[in-house]
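The values are calculated or read from the model by the stated rules, or taken from the named source; none is laboratory data. Not measured: the values here are computed from a predicted model. Positions of Cβ are generated from backbone atoms using ideal geometry, with glycine treated the same way; all protein chains shown enter the neighbour counts. Surface areas here come from the heavy atoms of the whole protein model, side chains and all, with no ligands, DNA or RNA. Shrake-Rupley method; radii C 1.70, N 1.55, O 1.52, S 1.80 Å.
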Amino acid sequence: MCETDQKTVKKMPRVATGDRAILPEGAKTIPVYIMGKMYEVPETLTIMKAMEFAGFKFLRGAGCRGGICGACPTVYRMAGDYKLHFGLACQTVVEANMYLAQIPFFPANRAIFNIDEIGGLPEAIHALYPEIFRCVACNQCTKACPMDVDVLGYISALKQGNIEKAAKLSFDCIQCGLCASRCMGEIPQYHAAQLARRVYGRYIVPQAEHLKARVAAIESGKYDAMLDELAAMSKEDLEKKYVEREREPDFAEIGSWQPKETRYL
């Protein structure tokens with residue numbers, strides 16, 4: 001996940017820093033423990049920025065840095081407290097005497113399937129992920145979720161055959177794997193949920209009529225010449241065209257706005 005150059009961080013007087021990794025004179029720092037070693041870091045940094053400040057270089061496990069991709073799940077304890085805490089390194093702010101370690105990947109079974117062949121029945125998910133029936137409803141999966149997803153809820157829905165409920169309950173899942181890391185039944189919850197959402201989208205949700213029309217237009221070759229025209233443009237011309245493009249007003253009523261140039265619709 002990361003390397004460290006063992007950079008020595010000078011301990012400084014404790015005053016506010018803002019969210020800067022380059023300390024101003026007199027900046028306030030706090031002790032945190034990364035992989036068991038103590039570092040002094042600015043108190044307002046996220047775990048990810050604090051690790052970089054401490055000299056670590058991310059080779060993987062950094063991802064979007066915006067709390068969406070799920071690449072930086074982190075497990076930590078506070079000094080003197082038995083309780084495990086969970087969060088994303090790019091979103092969680094460091095605290096004094098935090099003992100932390102990142103888990104950028106947790107090995108969990110991921111079934112191989114062809115979405116066009118498995119059908120939309122719950123039995124297809126049950127066959128691919130029979131592990132879900134090992135759930136004992138301990139709820140450790142939900143407690144570990146940094147997105148507050150009701151993991152136990154969607155696993156229970158899958159066991160009951162309610163794919164729609166499972167898909168909707170798991171909608172905010174970012175595939176970080178922390179739920180699976182805590183599961184005593186060794187269930188790959190997040191993979192099962194991803195399959196549920198795909199089955200829901202492929203077989204259960206009615207296809208939008210406007211989407212059918214747009215796909216048909218694409219397949220007919222309507223936009224081929226337009227794409228060829230864009231591909232032949234220079235970088236400068238593309239940038240100019242992008243800057244001058246028509247934009248939908250910020251507060252336009254949904255479905256009420258249409259650009260003056262309609263040949264691209």
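Tabulated data
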item	result
Which numbered condition residue 2 fails, given (1) modelled with pLDDT of 90 or more; (2) under 29 Å from residue 141 (Cα atoms)	(1)
Subset of the stretch 103-125 (residues that are touching a Gly at 6+ places or on another chain (Cβ under 8 Å) and open to solvent by less than 90 Å² (accessible area, probe 1.4 Å))	103, 104, 106, 108, 122
Residue match in the stretch 34-49 (condition: aliphatic (A, V, I, L, M), touching a residue at least 40 places away in the same chain (Cβ under 8 Å) and surrounded by fewer than 18 Cβ atoms within 10 Å (Cβ to Cβ))	yes
Any hit, the stretch 225-235, residues being within 29 Å of residue 116 (Cβ to Cβ), open to solvent by 80 Å² or more (accessible area, probe 1.4 Å) and not in a loop (DSSP other than H, G, I, E, B)	yes
Filtered residues of the stretch 142-178 (kept if open to solvent by less than 10 Å² (accessible area, probe 1.4 Å) and over 19 Å from residue 199 (Cβ atoms))	144, 177, 178
Residue check, residue 203 closer than 30 Å to residue 154 by Cα and surrounded by 11 or more Cβ atoms within 10 Å (Cβ to Cβ)	yes
Close pairs (8 angstrom Cβ cut-off, 6 or more residues apart or separate chains): at pLDDT below 70 in the stretch 20-33, acidic (Asp, Glu) anywhere	21/52
In the stretch 130-141, residue nearest to residue 67 (Cα to Cα) [restricted to those that are surrounded by 14 or more Cβ atoms within 10 Å (Cβ to Cβ) and out of contact with any Asp or Glu (no Cβ under 9 Å at 6 or more places or on another chain)]	141
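To keep it simple, each residue is scored yes or no on (1) over 20 Å from the mean Cα position of the chain (by Cα); (2) over 20 Å from residue 105 (Cβ atoms).
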| site | (1), (2) |
| --- | --- |
| 140 | no, no |
| 144 | no, no |
| 147 | no, no |
| 151 | no, no |
| 161 | yes, yes |
| 167 | no, yes |
| 170 | no, no |
| 186 | yes, no |
| 189 | no, no |
